[in-house]
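Down below is the structure, laid out as structure tokens.
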Amino acid sequence: QQQVKQSPQSLIVQKGGISIINCAYENTAFDYFPWYQQFPGKGPALLIAIRPDVSEKKEGRFTISFNKSAKQFSLHIMDSQPGDSATYFCAGIKGGGADGLTFGKGTHLIIQP
Amino acid sequence: DAGVIQSPRHEVTEMGQEVTLRCKPISGHNSLFWYRQTMMRGLELLIYFNNNVPIDDSGMPEDRFSAKMPNASFSTLKIQPSEPRDSAVYFCASSRQGWSTEAFFGQGTRLTVV
């Protein structure tokens with residue numbers, strides 16, 4: 001059972017453009033939704049996260065939009081830069097952070113200069 | 001802090017052999033997680049520990065897989081016997097208990113079983 005569905009699998013965006021990655025979750029017990037960024041040969045690293053009682057969270061060029069009724073959330077990268085080229089994973093977690101992360105399958109993002 | 005340290009970084013072994021992956025979590029973190037990453041299945045949680053105690057091992061694929069955490073600074077993931085379908089990147093992550101949203105990942109061990 002895939003509890004977090006992520007799309008698209010891959011995405012190519014021109015430098016300066018907006019990158020948008022979408023996720024949908026099934027498990028209503030999830031109470032925290034982080035995004036992780038992974039560069040080749042490295043482990044994932046936390047990028048930004050949101051709680052379901054908030055509709056939007058912004059940190060620099062990165063914004064999460066959250067729609068609790070639709071059980072969907074998305075990552076927007078404004079003014080995308082070549083250094084943003086990486087694989088992005090959305091995730092859900094339950095138990096107030098006591099459990100492990102349930103990841104989407106990832107989006108391979110390429111920012112073309 | 002050096003972060004989460006995993007060893008070895010790469011492991012190539014023959015089918016049927018025993019493989020042991022090692023992890024040193026960040027000092028002061030008392031939750032430890034093992035994940036497996038493949039192209040087909042993405043990142044999967046295998047098992048996690050709180051205060052050295054295994055909490056949920058429902059993600060461990062088969063009895064061939066076992067994990068231990070004998071103390072707060074060391075954990076192992078063992079596969080015996082290994083099979084080609086076990087080839088993947090295995091990540092260890094640690095966090096403060098109750099804060100696994102801020103899990104810190106090691107660089108992973110790339111396992112190839114031939």
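Within segment B:1-46, the GluC sites (Glu not before Pro) that combine a DSSP coil assignment with at most 14 other C-beta atoms in a 10 angstrom radius are B:GLU14, B:GLU18. Convex hull of alpha carbon positions in the protein assembly as shown: directionally averaged projected area 12.2 nm².
The portion of the accessible surface of chain B made up by carbon and sulfur, rounded to a whole percent, is 50 (1.4 Å probe; DNA, RNA and ligands excluded). Taking all protein chains together, A:SER7, B:SER75, A:SER65 sort by accessible area into A:SER7, A:SER65, B:SER75, largest first [probe 1.4 Å]. The alpha carbon gyration tensor of segment A:1-52 gives principal lengths a ≥ b ≥ c with a/c of 1.5 or higher and a/b greater than b/c, which makes the shape prolate. The relative contact order of chain B, computed from alpha carbon pairs under 8 Å that lie at least 6 residues apart in sequence, is 37 percent.
Once you sort the root eigenvalues of the Cα gyration tensor of segment A:29-68 as a ≥ b ≥ c, which label holds: rounded (a/c under 1.5), prolate (a/b larger than b/c) or oblate (the other case)? Judged from the Cα gyration tensor, segment A:29-68 comes out oblate (a/c at least 1.5, b/c at or above a/b). Computed over protein heavy atoms with a 1.4 Å probe, the accessible surface of segment A:15-83 works out to 49 Å² per residue. Based on the Stokes-Einstein relation at 4 °C and a viscosity of 1.567 mPa s, and on the Kirkwood radius from alpha carbon pairs, chain A is assigned a translational diffusion coefficient of 92 µm²/s.
Taking trypsin sites (Lys or Arg not before Pro) across segment B:1-96, the ones in a DSSP loop with at most 15 further Cβ atoms lying within 10 angstrom of their Cβ are B:ARG9, B:ARG41, B:ARG64, B:ARG96. The lysines whose alpha-carbon is closer than 16 Å to the alpha-carbon of B:LYS78, local same-chain residues fewer than 8 away aside, are B:LYS24, B:LYS68.
The local environment of A:GLY41, defined by Cβ-Cβ distances under 13 Å, has a net charge of +3 under the rule Lys, Arg +1 and Asp, Glu -1.
With the convex hull of the Cα atoms taken as the outline of segment B:1-52, the averaged projected area works out to 4.8 nm². When the accessible areas of B alone and A alone are added and the area of the pair subtracted, with a 1.4 Å probe, the result is around 1600 Å², both sides summed.
If you sort the three axes of the alpha carbon gyration tensor as a ≥ b ≥ c, you get a/c of 1.5 or more for chain B and a/b above b/c, which makes it prolate. Summing charges over all other residues whose Cβ lies under 14 Å from the Cβ of A:PHE62, with Lys and Arg as +1 and Asp and Glu as -1, gives -1.
The values are calculated or read from the model by the stated rules, or taken from the named source; none is laboratory data. From a predicted model like this one, the values you see are computed outputs, not experimental measurements. Quick reminder, even Gly has a Cβ in these numbers, built from the backbone with ideal geometry, and neighbours come from all protein chains shown. SASA here: full protein model, heavy atoms, side chains in, ligands and nucleic acids out. Shrake-Rupley method; radii C 1.70, N 1.55, O 1.52, S 1.80 Å.
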